[in-house]
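One structure is given here, and the rest of the page talks about it.
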Amino acid sequence: MTGASDFAIVIMAAGKGTRLKSKRAKVLHEIAGQPLLAHVIRAAQQIVPAENIHVITGHQTENVRAAVEPMGVKFVLQADQRGTGHAIMCAREQVAGYQNILVLSGDVPLIRPETIARLRDFHLAKKAAMTILTAEPPDPFGYGRVIRTSADSDRVKAIVEQKALSKSQQKEREINSGIYAFATRPLFANIDRLTTANVHGELYLTDMAALLVKSKTKVIALKAADAAEVLGANTLAELSSLDATLRARKCNDLMAAGVSIYRPETCVIDPDVEIGADTILEPFVQLLGRTCIGSDCRIRSFSVISDSQIADNVLIRPGCIIDQSSIAAGAQLGPYSHIRPGSEIGEGAHVGNFVETKKTRLGRGSKANHLTYLGDSEIGSGVNVGAGTITCNYDGVNKHVTVIEDGAFIGSDSTLVAPVRIGKGAYVAAGSTITDPVPADALALGRTRQITKEGWAAERREERAKPGK
Ligand code: UD1
Ligand code: CA
């Protein structure tokens, strides 16, 4: 009995993507924050182990391989791209040993694993030589059309490419998705009979349908329930509409899990983002990469959060940028805070307007509410960082650390010249430039004393009022 383990998955990804008018290889264009090809591989990995996935590359092969190498797949080289049929010929040696192969297209990225599994099961149950996944999208223009022997039959006569459709065939609505299951023996027994007798002078994999019918083997079609799953990405407009579909899917999944999203069509949320229940996302929020957000948070408009961990009950006010950082429970940020890589904002801490942090740990309950730069700093709990405080962490060559211990108070407009340490409970007077360590509980003043000249302004006004001046 042929089982699922006898399947390899072949992904065709060698084409240039001429219609995108882009320098970048088509399968490296991104939707939902990942290359098209990565989406297809992720779906394939749900069906077979990565070592049974063979990716055919050709155009910009190094770039394409580098982008998906970590996913553990195998590669096949199609040095010159002479069509989808030729692509499969190139994979022959690597996959002929499997009883069946599933062929996916690197530019059909929305395919769901469940649909691939259905195709596999249908193909096996019907003992077909070739099973074509089809769909009926609202606009079939541009796709190959699948011609069945009759409307109510599984059996297929041929696939006809758009440019070769006869007048009457132009009415056919059932499209070829570019996704197939093949029994390898009949496939490779007949593949050398493909010809280049078509408008592009290419070897079309689609012509295998008619060839296999001619060789008296069974070619059948299975229609996908949701045509949106098999739409291709041949132009930047199509790419953007696939991106919108995936973003909408993600928002729907999150909303189903208890996350409120006020205007989901304005939010950009990558597929791996996790969010706890009762968190609210306001319009125009972007959550990217491996971001994880807890419960009962509110992320206000125009915030962009990448690869960061946000705990429960956190308030992110409008316009914050948070990258590769962690925010502990109950913290409040923004508006307009810039939390750069390596920042750890402690429980209940406050980071306010135009405050930038980098590689900085701000302890529990500490506050830096206005116009401040905190770089390479270790800041304890209950610290108050006054408006306009700057850690001078860079001497032009090296970066140095500023340490501020628990309960210290940094007066406004202070510059802390690192390396420097402010001891527990110490005070730094406003406007100080601190270059030496400040011991615990001390007051440090690093500024010139104020001089007050009594009556000076009045005298000046009098002087000016004299005639002739
Ligand atoms: C193909 C099908 C068409 C189907 C459509 C679905 C053919 C001849 N036509 O058309 O019936 O409706 O997909 O999306 O197959 N590729 C290679 N090597 C090559 C050529 C292409 O690996 O030499 C790869 C491409 O990178 C792409 C996939 O195969 O990922 C499909 O190629 P593409 O040129 O986009 O075919 P379509 O014109 O879309
Ligand atoms: Ca295509």
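The values are calculated or read from the model by the stated rules, or taken from the named source; none is laboratory data. Everything numeric in this text was worked out from a predicted model, so none of it was measured. Heads up, the Cβs are rebuilt from the backbone with ideal geometry, glycines too, and the neighbour counts pull from every protein chain shown.
I need the full set of residues from segment 23-33 which are under 18 Å from the mean Cα position of the chain (by Cα) and either farther than 17 Å from GLY232 by Cα or surrounded by fewer than 19 Cβ atoms within 10 Å (Cβ to Cβ) (or both), in order please. Lay out the reasoning, then the answer.
Our first condition is that a residue be under 18 Å from the mean Cα position of the chain (by Cα); within segment 23-33, this holds for 24-33.
Scanning segment 23-33 gives ARG24, GLU30, GLY33.
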From the list GLU265, GLU229, which one is within 16 Å of ligand 2 (Cβ to nearest atom) and not in a loop (DSSP other than H, G, I, E, B)?
GLU229
Taking the options ALA79, ALA13, ALA8, name whichever one is at negative phi, in the same structural domain as HIS200 (by TED's automatic domain parsing) and more than 13 Å from ligand 1 (Cβ to nearest atom).
ALA8
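For segment 102-124, check the following and say yes or no: at least one residue is without any contact (Cβ under 8 Å) to a residue 24 or more places away in the chain and under 20 Å from LYS218 (Cα atoms).
Here is the first cut: in segment 102-124, the residues without any contact (Cβ under 8 Å) to a residue 24 or more places away in the chain are 114, 121.
Add one more test, that the residue is under 20 Å from LYS218 (Cα atoms), and what stays is 121.
There is at least one residue in segment 102-124 that is without any contact (Cβ under 8 Å) to a residue 24 or more places away in the chain and under 20 Å from LYS218 (Cα atoms).
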Residues of segment 38-60 being within 13 Å of the chain's Cα centre (by Cα) and in contact (Cβ under 8 Å) with a residue 40 or more places away in the chain, in sequence order, are HIS39
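Is it true that some residue in segment 168-175 is aliphatic (A, V, I, L, M) and within 33 Å of the chain's Cα centre (by Cα)?
If we filter segment 168-175 for residues that are aliphatic (A, V, I, L, M), which is where we start, we get 175.
Within this subset, residues satisfying the condition of being within 33 Å of the chain's Cα centre (by Cα) are 175.
Scanning segment 168-175, I find at least one residue that is aliphatic (A, V, I, L, M) and within 33 Å of the chain's Cα centre (by Cα), so the answer is yes.
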Assess whether ALA256 counts as being modelled with pLDDT of 95 or more, under 27 Å from SER381 (Cβ atoms) and not β-branched (Val, Ile, Thr).
no
Exactly one of these conditions fails for ILE220: (1) outside the structural domain of GLY85 (by TED's automatic domain parsing); (2) more than 16 Å from ligand 2 (Cβ to nearest atom); (3) touching a helix residue (DSSP H, G or I) at 6+ places or on another chain (Cβ under 8 Å); (4) among the aliphatic types (A, V, I, L, M). Give me its number.
(1)
Quick check on ALA91: is it in the same structural domain as THR131 (by TED's automatic domain parsing) and within 16 Å of ligand 2 (Cβ to nearest atom)?
no
Looking only at residues in segment 15-53 that are among the small types (Gly, Ala, Ser) and within 12 Å of ligand 2 (Cβ to nearest atom), which one is nearest to THR184 (Cα to Cα)?
GLY15
I need every pair where a residue in segment 233-247 that is over 11 Å from PRO109 (Cα atoms) has its Cβ under 7 Å from the Cβ of a residue that is away from ligand 1 (no atom under 14 Å from the Cβ), sequence separation at least 6 or different chains.
ARG247/ALA32; ARG247/VAL268; ARG247/ILE269
List the pairs whose first member sits in segment 307-321 and is over 19 Å from ASN353 (Cα atoms), whose second member is acidic (Asp, Glu), and whose Cβ atoms are under 7 Å apart, counting only residues at least 6 apart or on separate chains?
ASP307/ASP323; SER308/ASP323; ASP312/ASP296; ASN313/ASP296
Here the residues within segment 166-192 that are within 13 Å of ligand 1 (Cβ to nearest atom) and among the small types (Gly, Ala, Ser) are SER177, GLY178
Enumeration of residues in segment 61-82 that are within 16 Å of ligand 2 (Cβ to nearest atom), of a type outside the set (Val, Ile, Thr) and either buried (at least 22 other Cβ atoms within 10 Å of the Cβ) or without any contact (Cβ under 8 Å) to a residue 60 or more places away in the chain (or both):
GLN78
Return yes when GLY85 is more than 28 Å from ALA129 (Cα to Cα) and in contact with a helix residue (DSSP H, G or I) (Cβ under 6 Å, 6 or more places away or on another chain) and no when it is not.
no
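For segment 96-105, check the following and say yes or no: at least one residue is under 18 Å from LEU187 (Cβ atoms), in contact with a Leu (Cβ under 8 Å, 6 or more places away or on another chain), in the same structural domain as VAL55 (by TED's automatic domain parsing) and within 16 Å of ligand 2 (Cβ to nearest atom).
Of all residues in segment 96-105, those under 18 Å from LEU187 (Cβ atoms) come to 96-105.
Narrowing the set further to residues that are in contact with a Leu (Cβ under 8 Å, 6 or more places away or on another chain) leaves 100-103.
When the remaining residues are screened for being in the same structural domain as VAL55 (by TED's automatic domain parsing), the result is 100-103.
Filter once more, keeping what is within 16 Å of ligand 2 (Cβ to nearest atom): 103.
Yes, that holds for at least one residue.
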Please specify each residue of segment 158-180 satisfying the condition of being among the hydroxyl-bearing types (Ser, Thr, Tyr) and either away from ligand 2 (no atom under 16 Å from the Cβ) or without any contact (Cβ under 8 Å) to a residue 60 or more places away in the chain (or both).
SER166, SER168
Working carefully through the options ARG148, ARG193, ARG155, find the one that is away from ligand 2 (no atom under 16 Å from the Cβ), surrounded by 15 or more Cβ atoms within 10 Å (Cβ to Cβ), in contact (Cβ under 8 Å) with a residue 12 or more places away in the chain and among the basic types (Lys, Arg).
ARG148
